[in-house]
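Each value in this text was obtained by applying a stated rule to the coordinates, not by laboratory testing. Worth saying up front: this structure is predicted, and the values here are computed from it rather than measured. So basically every Cβ, Gly included, is an ideal-geometry build from the backbone, and we count neighbours across all protein chains shown.
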Amino acid sequence: MSANVLMLAAALCCGSVHAAVPHQINYQGYLTSPGGAPVNASVTMVLNLYIHPTGGAALHTETQTVTVTNGVFNVLIGSVTALALPFDVLYYLGIKVG
């Protein structure tokens, strides 16, 4: 009897848990000045996702202010403008700094 109660309690507790996949892409990069020195600054970046490696019309665009430390930066694409793209194909990232 107590085993049945325990199983019922476990089923009620965990039976309706659903997790959604976040539609965001984490990207880390390295940014240097034109002379090759690592950047230490807060910069504006325009992030574009494309279906073709040579560009074309962007499928997703968002602008973020990004902190760059010793050249290293990290962005979470989809955190500013929601990503409404299916995650079933390869996308190409274009970044414009400044």
*So for the pair V72, I95, with labels modelled 7 Å out along Cα→Cβ, what separation do we get in nm?*
1.4
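Multiplying the sequence separation of V43 and H23 by 0.36 nm and subtracting their Cα-Cα distance, what value in nm do you get? Don't skip to the answer; put the middle values down first.
Numbers: separation 20, 0.36 × 20 = 7.20 nm, distance 2.41 nm.
Full extension from V43 to H23 adds 4.8 nm.
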